[in-house]
Amino acid sequence: IPIIACDCLLVTKQAILRKEELSEGSHEILMNVLVVKDAMSKFSGAHVVPVKGLGEDRYAAEKVRRDVAWLGHSRVILKSDNEPAIVAVTKEVLKSLKVEVIDQAASAAPPAYDSKANGSVENAVRLVQGLLRTLKVCLERRIHQRIPAEHAIMPWLVHHTAWLLTVRSRSHDG
């Protein structure tokens, strides 16, 4: 059964950070990025969401639901860390998937304090973080202009980063 995992990445004025790298009150968060990883197909998705968690309009849950529906699996397991905001998103996605698209859907949460249990999505977050920085710096050098983190191109660049990680990845056999 395919395991689809979710986690967050935060964009501040100074840097692009994983939630573990964010110290309390030191940075103003400009963008919340929801990273989705399918371990079976190696699909990576990244979406700028208005709030970390479910939100009033359930935007984050709808983005994950669309990703899962696009993948075309008939059975899935949605996995997240034990962070309440992400757990709320996965629960909402499960509700909508069971009604609309998927025959069987279940959720899974790794054991507390087990860093290796959610490894595929943690690796995807690191890859999105690194490639997003690289693409932003490359674009800034080409146009000879600094791009602020709150610029309108940033949500597109986040989505493009995940798309590149999906279509340009190589497996162990080349």
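The values are calculated or read from the model by the stated rules, or taken from the named source; none is laboratory data. Quantities reported herein were computed from a predicted structural model and do not represent experimental measurements. Neighbour counts run over all protein chains shown; Cβ positions are idealised from the backbone, glycine included. Each accessible area value is taken on the protein alone, full model and side chains, heavy atoms only, with ligands, DNA and RNA left out. Shrake-Rupley method; radii C 1.70, N 1.55, O 1.52, S 1.80 Å.
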Solvent-accessible heavy-atom area per residue, rounded to whole Å², over region 33-92 at 1.4 Å:
45
Counting only protein heavy atoms and leaving out ligands, DNA and RNA, the solvent-accessible surface of residue 68 at a 1.4 Å probe, in Å² to the nearest 10, equals 0
Could you work out how much longer the chain between residue 153 and residue 82 gets when fully extended? Use 0.36 nm per residue separation minus the Cα distance between them, nm to one decimal.
22.4 nm
Just to make sure I understand: if all protein chains stay in place, what is the order of 138, 6 by accessible area at 1.4 Å, largest first?
138, 6
Protein chains only, probe 1.4 Å: how do 40, 154 rank by accessible area, largest first?
40, 154
Residue 40/residue 146 FRET efficiency (R0 35 Å; Cβ-Cβ; nearest 0.05)
0.35
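With Kirkwood's inverse mean 1/r over C-alpha pairs for Rh, give me the Rg to Rh ratio of region 31-85, two decimals please. Don't jump to the answer; show the numbers that get you there.
Numbers: Rg = 11.4 Å, Rh = 12.0 Å.
A ratio of 0.95.
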So how do 137, 87, 158 rank on accessible area, 1.4 Å probe, biggest first, that is with the largest at the start?
137, 87, 158
Which residues in region 117-154 have a backbone N closer than 14 Å to a point placed 7 Å from the Cα of residue 28 along the Cα-to-Cβ line?
148-151
Any idea of residue 29's accessible area? Nearest 10 Å², probe 1.4 Å.
70
So how exposed is residue 47, as accessible area in Å² (1.4 Å probe, rounded to 10)?
20
